Structures are given as C-alpha cells and as structure tokens.
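Data block below; observations after.
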Amino acid sequence: MKKYKSILFKLSVIVAFTAALSSCMVGPNFQKVEVGIDSIDTFRFQKGAIDTSIVDMEWQELFNDSMLVSLIDSALTNNFDAQIAASRIQESRAYLGMTKADMYPSFSYGGNANFGNTAGSFPTGQKANGSFSVNANVNWELVFWGKYRRATEAAKAELAASEFGWNVIQISLISEVASAYYALLDFRKRLEIAKRTHDTRKESLRIIAERFDKGIVPEIDVNQAQIQEAIAAGAIPVYKRSIAYAENALSILIGENPREIITNTTIDSITMPKSIPVGLPSQLLTRRPDVLAAEQMVVAQNARIGVAQAMRFPSISLTGLLGLASADLSAFNASDAIIGSAGAGIFGPIFQFGKNKRRVEVEKERTEQTKLNYKKTVAMAFRETENALVNLHSIEEELSFVEVQLNASKNASMLSKKRYDGGVTSYLEVLEADRSLFKIELYHTELLQRRMSAYIELYKTLGGGWVPETAEEKLSQE
C-alpha cells in the first residue's frame, strides 16, 4: 500500500509541476493600439454642449412610429443577413469550446475480439484460438509554452468580434429599415402632390379650353395647359413605381415576400427626434461595434504570434492505458486479465530550414496588418461621423430656406392665377409659378425625408443605443 501511495504522490507532483509550466505562455501580450485621438476634444462640425449620455439613448427613442418599430422588430428577427450573423456567433462559440478542449486530457476507449487460428482452417475436434480485450486510453499533450492557451485567446477574441459583427448588422439593419420606410413616406407624399397638381391642371385645362372656344384666349394657352397637365399626369406612375420598389425593399428587409406596407403616417407628420447627444470623440472607440470588432481581430492575431512561437519548442505527451485482455471471455474477471501501460513522449523541431521562424514572422506581419486595419476603421468612423454631422446641419439649414421658398411659391401661384383671370398678365406667368410650386413641393418632401435619414445616419455612425455592452462585459461572459 505504501508503494502505491508513493507512486501516486510522485505522479501528483509531476502533474502539478507540468501544470505550472503550462501556465507560462510565449508571445507578446496584447497592447492597446494607439490611434492619436486623446488630444481631440470635439468633432469638427459638432454644435452645442458636449453630452456624454449617448450610452443611455435607445434606438426606440429615435422613432415614435409604431409601424416603423414593428418593422424594425421583424427585421431584427427575420432578416436573412441577421440570421446568418447570429449563426456565425454560434459557430465562433462552438469553435472556442473546441479550442479550449485541446488544453485538457483526451479519453478514449477501444475493444477487440478475434477468433480463429493461424492456419486459417478448423480441423475436426480442434479448438480454435480466441482473444478478447477492452481498454480505456488517456492522452495529454503538455505544452509548456502556452500554445493552446494562446489559441484559446485567439478564438475568444474572434467570438467577441463575431458578436460585435452582429451589432454591426443590427445597426445597419435598423438604419436601412428606417431609411426605406421614410423613403416610402416621401414617395407617397410626392404621389399625393402629383395627383393634386394633376387635378388642378386638368381643371385649368378645361377652363382654358372653354375660353379658347369663346375666343377669349389664344390656342397657345391651351397647348401650354395641355403640356403641364401631361407632365403632372406622367409623374403619377413614376411615384407609384417608386412606392412599389420601396415596399418591396422593406418587405425583403423584414424577411417577408414583397407586400404592401400599410401605415397612416405621412412624411410631414413625423415628430422630429430629440437632439442626438454626440458625446466625446473617444467614445467612438468604445461604442462603434465595427471599431470594437476590428480591435478584437488585433487581439486574436496577436495571440497567434504566441501559437507560432510555441511551435518552435518541444512538447511532451503523457499516455496511459488500462483494460482487460483474455483468451476466454469467462476469464475476464481473473486478476491476470488486467492490462495497463503508461508512457511519456517528447516531440520537438531540430532543423527545418527556418520554417518555424518564418511562421512567427508571418504572424507578426499579419498582426501589423490587423493593427493598420484597426486604425483605418477608426479613421473611417471619424470621417463618417463628421460627414453625418455636417450633412444633418446643412440639411436643416437648407430646409429652413426651402420652407420660405415654398410659402412664397404658393402665394405667387395664387396671385398669378388671379392676375391671369383679371387679364393683367399672360398665361406664361401662371405656368412659371405653377411649375415652380410643383418643383419646390416635391423638393420639400424630399428634404423632410433626407433630414430623417440624416438623423438615422448620425445615430448609426455614433454607435449609440445598439451596443449595450462594452467589450470587457462581452468578453467576461465567455
């Protein structure tokens, strides 16, 4: 008994020693990539005081339309790209579990049964030979240099990147659904304007035709009225087609077959969202999911340097076998039927013409590439945010002038018709005023749609409301 205890004690010491060695890892630990934004206090086109509460603003706060919220919810659940992204997260999670398993011993079993003789024949009265065995095997590769731990670190970072990729899909999907919805409302408003203008011009044509029949106005007035009536009539099928395209696009985004989108909301009845808090420029690095995903890819690639370096050093494998073997099934419970073995092996490179060294250099260069890609992603994030800010502010400024122009055009159109009816001016003045009004009405509704899209784009570029967890919180859950 003392002998067995001594053996168990020695084995325990060996396992503890090897486990301690396995905790060491070669390769560089991840260091934050410097992007040089610490000195930037505000965005270039930022207006107003800095508000850092963007983290508390959910996407539902941007939209007060129940139909739009319903469409977005359907898209987040049923959209094909969203489902693919969710599947990729599960794939990464499974790969992480598979990589973690390499750090631990593997167990297997086996069995064998043979019956016959070496001559290959069975003479009468001669008993054939038989052999039976069952066994359990264990194999544990002890990598003192942290190869599997680095591989697990890389897989964990890739899982985090895939989760942030899912956030990117969410942001893009919400933005696309909202933009398509507002485009639909824009086209419906344009169709309404075109129909109203067509009805007005058709009535004007009728009146002018009667005046021509009575010899009050020249024929050219009739022709000009016919042209304007036809222009308004031709715009109607154009906007009907645009409405159908917008409805089809929305239907696909929410994972359904093309169908009509029914809503009572109009583009000019939308309540403008609250002023979106822009926050500090440094928040982009912790809020934008594409930036976070790019950073996690740096983490993953940095860990692969350690994997490559560990492959330059030897690894030790421990193997063991325990089982039963006998020439007769009835003798399996005999003490001499027990079989077992234990062993250890070492494997390592000696000379491979610099292959392992080059492997490390390859991973280092790939890491530099991921760092550069991360810096590029950050730069693109700043550019998109600055573009979104200047786009929103310029559209709001332009809209204020267009509304003045719209009111003036309505008044000018009314006055020109009165002047024409009074015989003060020619029909050309009426036509010009009517054309200007039709044009500015269409552009005004387009600007309303573009302003809403600008708000959506700004919120998207800030990464607000759609990323409820920081990178550290995501990683701590794995």
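The values are calculated or read from the model by the stated rules, or taken from the named source; none is laboratory data. Keep in mind the model is a prediction, meaning the values are calculated, not measured. Note: ideal-geometry Cβ built from the backbone for every residue, glycine included; neighbour counts use all protein chains shown.
Determine whether the stretch 253-260 contains at least one residue that is surrounded by 13 or more Cβ atoms within 10 Å (Cβ to Cβ) and at positive phi. Scanning the stretch 253-260, I find at least one residue that is surrounded by 13 or more Cβ atoms within 10 Å (Cβ to Cβ) and at positive phi, so the answer is yes. For the stretch 359-376, state whether one or more residues are surrounded by fewer than 16 Cβ atoms within 10 Å (Cβ to Cβ), at pLDDT 70 or above and in contact with a Pro (Cβ under 8 Å, 6 or more places away or on another chain). No: the stretch 359-376 contains no residue that is surrounded by fewer than 16 Cβ atoms within 10 Å (Cβ to Cβ), at pLDDT 70 or above and in contact with a Pro (Cβ under 8 Å, 6 or more places away or on another chain).
Taking the conditions exactly as written (closer than 26 Å to R150 by Cα, exposed (fewer than 15 other Cβ atoms within 10 Å of the Cβ), free of Cβ contacts under 8 Å to residues at least 12 places away in the same chain and of a type in the set (A, V, I, L, M, F, W, C)), does F401 satisfy them or not? Before the answer, list the steps.
Values: closer than 26 Å to R150 by Cα: no; exposed (fewer than 15 other Cβ atoms within 10 Å of the Cβ): yes; free of Cβ contacts under 8 Å to residues at least 12 places away in the same chain: yes; of a type in the set (A, V, I, L, M, F, W, C): yes.
Taking the combined requirement at face value, the residue does not satisfy it.
Filter the stretch 37-54 down to the residues that are of a type in the set (A, V, I, L, M) and either at pLDDT 85 or above or surrounded by fewer than 17 Cβ atoms within 10 Å (Cβ to Cβ) (or both) and list them by number. Outline the logic, then answer.
In the first step, residues of the stretch 37-54 are kept if they are of a type in the set (A, V, I, L, M); the result is 37, 40, 49-50, 54.
Listed by number, the residues that qualify are I37, I40, A49, I50.
For the stretch 407-418, the criterion of being closer than 28 Å to Q283 by Cβ and under 45 Å from the mean Cα position of the chain (by Cα) is met by no residue. Does E229 fit the bill of being touching a residue at least 60 places away in the same chain (Cβ under 8 Å) and over 30 Å from L389 (Cβ atoms)? It is false that E229 is touching a residue at least 60 places away in the same chain (Cβ under 8 Å) and over 30 Å from L389 (Cβ atoms).
Between E34, E61, which is within 26 Å of the chain's Cα centre (by Cα), farther than 19 Å from Y459 by Cα and modelled with pLDDT under 85?
Numbers: E61 fails: farther than 19 Å from Y459 by Cα.
Sole residue among the options that is within 26 Å of the chain's Cα centre (by Cα), farther than 19 Å from Y459 by Cα and modelled with pLDDT under 85: E34.
Selection of the stretch 319-355 for residues being in contact with a Phe, Trp or Tyr (Cβ under 9 Å, 6 or more places away or on another chain) and either within 30 Å of P28 (Cβ to Cβ) or modelled with pLDDT of 70 or more (or both) yields T319, G320, G348, P349. Against the list (1) under 19 Å from F438 (Cα atoms); (2) of a type in the set (A, V, I, L, M, F, W, C); (3) surrounded by fewer than 16 Cβ atoms within 10 Å (Cβ to Cβ), the condition A225 fails is (3).
So which residues in the stretch 228-247 are under 28 Å from the mean Cα position of the chain (by Cα) and surrounded by fewer than 16 Cβ atoms within 10 Å (Cβ to Cβ)? Listed by number, the residues that qualify are A244, Y245. Contact annotation: residue pairs with Cβ atoms under 7 Å, 6 or more positions apart or on different chains, pairing a residue in the stretch 140-153 that is closer than 20 Å to M297 by Cβ with a partner that is modelled with pLDDT of 70 or more and of a type in the set (S, T, N, Q), are A151/T99; T152/T99.
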